[in-house]
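Novice: For reference, the structure I am asking about is given below.
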Amino acid sequence: MRILYVSEATGWTGGGSRLLSAARELLRRGHRVAAACPRDGELGRRLAQAGVEIYPLKIRQDYDVICAYRLARLVRQWKAEILHAQHSQAHAVALLASYFIDPLPIIVTRHVVFRIRKNPFSKFKYRSRRISRYEVVSEAVAAEIATIGIDKEKITVIPPGIDLDIWEKVRQQRNAVLPKEPMSVLMVGNYSSFKGHQVLLQAAVEVRRALPGTLFRLAGRDTEKLKPLVEKLNLGKNVELLGERSDVADLLSLAHLFVMPSLMEGFGISLIEAQSAMVPAVASAVGGLKQIIKDGETGLLVPAGNPEALAQAIIRLLTCPEEAARLAAQGYEEARRKFSHHVMVDRLENLYKEVLNEFSSRSHVPSRGSRPGDQAAGIQKSAPMA
């Protein structure tokens, strides 16, 4: 199959990590994979390093007509069989591009549980019959997009998957280097209002009373903005604001506990990474996180926005190493069984085959080969990126 991904993402997020994992495995299985995305972004750079063909496309807004026309030309030139939009603006541009080309299957991925607006533009974007399928990361996301009137038959849930082999080294390293003191709690997530950083810091005050030496390490883009709150809570000696990091594996190898205190969450790839590294985990009982953790079996779930409950769960696992080890081991087995990249790509392949079969059975589809003038129009693949 020839699969063309499109995304406006420049930074690194869970959605980007998921796309990279899928693209690597699809290439390994012999499929052709390309991506139309910003060339100078972190997503484009990592995809290029993985061997994905990168075509520069900088989407500035929903319904960017110029980008849509360029994407349409690329679809024809590259002879894409499936157009798979990965983010919100890519969704709108892919839909608009479909008006410039012969019909082809369009799949849209949705990672988040944010409420969808019900204005005319959103209804057009989501209800269009030109979208073959919505591929979502959790049942919570599926429930949200169904509220705008999308048929359930048009929604496919495929949880993210990660390469568990990569985390085998982390598990081994963690057993060798994890210090007894100080006890450390790790959170990985770009700073935003719904990720629950403030809740964790409020919980840290209570944890410090019971376990004074506990160190809280917060990694993610813009976590430095939490410094005023850290100072206000007098947590300077107990909190490290690490900013965006590329060494999450090393951070997990030094963590006694992983925490994801989100107020809302589509899924939570960093939580699966923690489980794959066999780090015990505590998370909020929201969205896709409830799909990952079985409370008391593979980790602990606490009410969202409740620093007292979060503090008690942290203290419980830091002071009960036997229970923490049991939850970590069972969490790893659950991740291996349900959230490996092999399982995810098996499901993606089935989805692609299904939509191709449905599409071809509905009507004769004309060839989407390149048309005269495409080369002159300036469609160029980017040079390999280091």
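Novice: Please work out whether the chain counts as rounded, prolate or oblate from its C-alpha gyration tensor, where a ≥ b ≥ c are the square roots of the eigenvalues and a/c under 1.5 means rounded, while otherwise a/b larger than b/c means prolate and anything else oblate?
Specialist: Verdict is prolate for the chain.
Novice: Provide the per-residue ³J(HN,Hα) series for segment 150-162, in order, calculated from phi with Karplus coefficients 6.51, -1.76, 1.60 and θ = phi - 60°, each as a whole number of Hz, with x at glycine and proline positions.
Specialist: Couplings: 7, 4, 4, 5, 8, 10, 10, 8, 10, x, x, x, 10 Hz.
Novice: Report the gain in length on full extension from GLU153 to GLU297: 0.36 nm times residue separation, minus Cα-Cα distance, nm rounded to one decimal. Write out the running numbers ahead of the final one.
Specialist: Numbers: separation 144, 0.36 × 144 = 51.84 nm, distance 3.20 nm.
Stretched out fully, the GLU153 to GLU297 stretch lengthens by 48.6 nm.
Novice: Nearest 10 degrees is fine. How inclined is helix 88-97 to the longest principal axis of the chain, computing both from alpha carbons?
Specialist: Long axis of 88-97 versus the principal axis of the chain: about 10 degrees.
Novice: Hey, another quick one. With point charges of +1 on the Cβ of Lys and Arg and -1 on the Cβ of Asp and Glu, referenced to the Cα centre of the chain, which listed residue (ALA85, PRO160, PHE267) lies farthest in the positive direction of the dipole?
Specialist: ALA85
Novice: Using each residue's phi in segment 250-255, evaluate 6.51 cos²θ - 1.76 cosθ + 1.60 at θ = phi - 60° and report the 3J(HN,Hα) Karplus result to the nearest Hz, with x for Gly and Pro.
Specialist: Karplus-based 3J(HN,Hα) across segment 250-255 equals 5, 5, 5, 5, 9, 9 Hz.
Novice: Any of LYS125/LYS152; LYS290/LYS338; LYS118/LYS290 with alpha carbons more than 22 Å apart? Name them for me. All intermediate terms of the calculation are to be shown ahead of the outcome.
Specialist: Values: LYS125/LYS152 17 Å; LYS290/LYS338 14 Å; LYS118/LYS290 27 Å.
Flagged as over cut-off: LYS118/LYS290.
Novice: Also: Over the chain, what is the relative contact order in whole percent, taking alpha-carbon pairs under 8 Å and six or more residues apart? Could you put the intermediate results ahead of the total?
Specialist: Values: 757 pairs, mean separation 69.8, N = 386.
The normalised contact order for the chain reaches 18 percent.
Novice: Still on this model: With angles folded into 0 to 90 degrees, how steeply does helix 307-319 sit against the dominant principal axis of the chain? Use alpha carbons for both and round to 10.
Specialist: Tilt relative to the chain: about 70 degrees.
Novice: What lysines sit close enough to LYS225 to cross-link, taking a C-alpha to C-alpha distance under 22 Å and skipping anything fewer than 8 places away on the same chain?
Specialist: Correct list for LYS225: LYS195, LYS237.
Novice: Rounded, prolate or oblate, given the Cα gyration tensor of segment 164-338, with a/c below 1.5 counting as rounded? Numbers along the way, then the final one.
Specialist: On the way: a/c = 1.36, a/b = 1.27, b/c = 1.07.
Rounded, because the longest to shortest axis ratio a/c is under 1.5.
Novice: Kindly flag which residue pairs out of LYS58/LYS232; LYS58/LYS123; LYS123/LYS294 have an alpha-carbon separation exceeding 31 Å in this structure. Present the calculation step by step, with values, prior to reporting the outcome.
Specialist: On the way: LYS58/LYS232 40 Å; LYS58/LYS123 24 Å; LYS123/LYS294 35 Å.
Pairs exceeding 31 Å: LYS58/LYS232; LYS123/LYS294.
Novice: Take the alpha carbon gyration tensor of segment 1-123, find the square roots of its eigenvalues, order them as a ≥ b ≥ c, and report rounded if a/c is under 1.5; if not, report prolate when a/b exceeds b/c, else oblate. Walk me through the numbers before you get to the answer.
Specialist: Numbers: a/c = 1.60, a/b = 1.22, b/c = 1.31.
The shape class here is oblate.
Novice: Moving on. Taking Cα atoms, how many degrees apart are the long axis of helix 14-28 and the longest axis of the chain, rounded to 10 and kept between 0 and 90?
Specialist: With both axes taken from Cα atoms, the answer is about 60 degrees.
Novice: Follow-up. In terms of modelled amide H atoms, which long-range or inter-chain residues lie less than 5 Å from the amide H of PHE216?
Specialist: HN-HN under 5 Å from PHE216: VAL185, VAL239, GLU240.
Bear in mind these aren't lab numbers, they're just calculated from the coordinates by the rules spelled out. Owing to the predicted nature of the structure, the values given are computational and were not obtained by experimental measurement. Note that we place each Cβ from the backbone using ideal geometry, even for glycine, and neighbour counts take in every protein chain shown.
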